[in-house]
Each structure stands twice: as C-alpha cells, then as structure tokens.
Amino acid sequence: TTNRTFTMIKPDAVENGHIGAILEKISSAGFKIVAMKYTQLSIRDAQEFYSIHKERPFFGELVEFMTRGPIVAAILEKDNAVEDFRALIGATNPAEAAEGTIRKLFATDIAENAVHGSDSDENAAIEGSFHFSGREIY
Ligand code: CMP
C-alpha cells in the first residue's frame with residue numbers, strides 16, 4: 001500500500017551542493033514529494049527531533065551538526081515508503097553503505113551522513129508532523 005516517509009537533506013549535503021542530485025535520486029526511485037521546505041533547525045528543534053538519542057555520547061555533536069546550516073525537509077509518498085527509502089539511502093555509516101545509495105554517493109562519515117530517513121511508519125508520521133502542518137502537505 002502507498003504510504004509516507006520523512007526525510008531531511010542534512011547540512012553537510014546542502015553545503016556540498018548535493019540538493020539537486022539527491023532530489024533527482026529520490027524522484028528517479030519513484031518517490032512523490034508531497035511536502036517540502038528549505039529551513040534551518042534551531043537548537044531546541046534538533047534536541048526535540050533527536051530526543052530518542054539524548055543519552056548517546058554523540059548527542060551534542062549531532063545537535064551542533066544539524067543546526068549549523070540549512071536543510072531540506074520533505075515528506076515522500078510511495079508503496080512501501082519507509083523500507084524502500086532506507087534501501088535507497090543505505091547504511092548510517094557511508095563506509096558500509098551499498099554502491100549507488102545516497103549515503104555512499106554523498107555522505108562524509110557516520111555523523112555527517114547526508115540524509116535522514118524515518119525508521120518506521122509511526123516515526124514517519126511523528127517526524128512529518130514535526131516539520132509540516134496539514135495545509136503544507138499536498
Ligand atoms: P540518522 O540515523 O539519520 O539519525 C541519527 C543520527 O545521529 C545519524 O543519522 C547520524 O547523523 C548521527 N550519528 C549516528 N551515529 C553516530 C556516531 N557514532 N557519531 C556521531 N554521530 C552519529
């Protein structure tokens with residue numbers, strides 16, 4: 001069935017000029033963009049968005065990274081969206097990501113890994129509504 005996932009093109013990929021190439025990979029893989037914005041997270045936004053990781057040793061580094069510049073946030077629609085998008089982006093650590101995946105092509109390292117993808121339908125809905133109101137989804 002058709003469903004949704006949430007993604008961010010992270011500050012490293014924006015800084016490195018990869019927005020267009022990443023959106024092209026997303027479109028070519030059959031995802032329909034139903035919401036999208038160019039924005040920058042505040043420190044409070046990032047702490048809330050990543051609250052599940054707050055006890056991790058890299059939490060401070062993660063918040064600093066995700067707030068250091070603009071991102072592209074988007075909601076994507078496709079059959080089997082969450083799982084298929086995670087396959088398209090590849091492993092968290094680009095050194096372990098499969099050939100042709102977005103992280104293999106565009107990520108720097110395990111922290112600056114170019115893109116976010118929701119890990120479940122439930123989190124996709126939570127993360128999408130963190131960034132978009134109902135009137136911003138088409
Ligand atoms: P993502 O899986 O989208 O969400 C959690 C993020 O934390 C992850 O991407 C990376 O950006 C970051 N992250 C994960 N593991 C590490 C790590 N070992 N060191 C630093 N950052 C990490």
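R44 meets all of the listed conditions (1) of a type in the set (D, E, K, R); (2) closer than 24 Å to E15 by Cβ; (3) within 14 Å of the ligand (Cβ to nearest atom) but one, namely (3).
Considering only residues in the range 5-50 that are touching a residue at least 60 places away in the same chain (Cβ under 8 Å) and β-branched (V, I, T), the one that is surrounded by the fewest Cβ atoms within 10 Å (Cβ to Cβ) turns out to be T39. The set of residues in the range 51-62 that are part of a loop (DSSP other than H, G, I, E, B) and either touching a residue at least 60 places away in the same chain (Cβ under 8 Å) or more than 8 Å from the ligand (Cβ to nearest atom) (or both) comprises K54, E55.
Yes/no per residue for (1) within 12 Å of the chain's Cα centre (by Cα); (2) not aliphatic (A, V, I, L, M):
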residue	(1), (2)
E83	no, yes
L88	yes, no
K104	no, yes
D109	no, yes
A124	yes, no
G128	yes, yes
F132	no, yes
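Quick check on my filter: what residues within the range 102-126 are buried (at least 22 other Cβ atoms within 10 Å of the Cβ) and either away from the ligand (no atom under 13 Å from the Cβ) or not basic (K, R) (or both)? The answer is I102, F106, A107, N113, A114, V115, G117, S118, A124.
Quick note: the coordinates plus some simple rules give every number you see, no bench work behind them. Predicted model, so just to flag it, every value in this text is computed and none were measured. Note: ideal-geometry Cβ built from the backbone for every residue, glycine included; neighbour counts use all protein chains shown.
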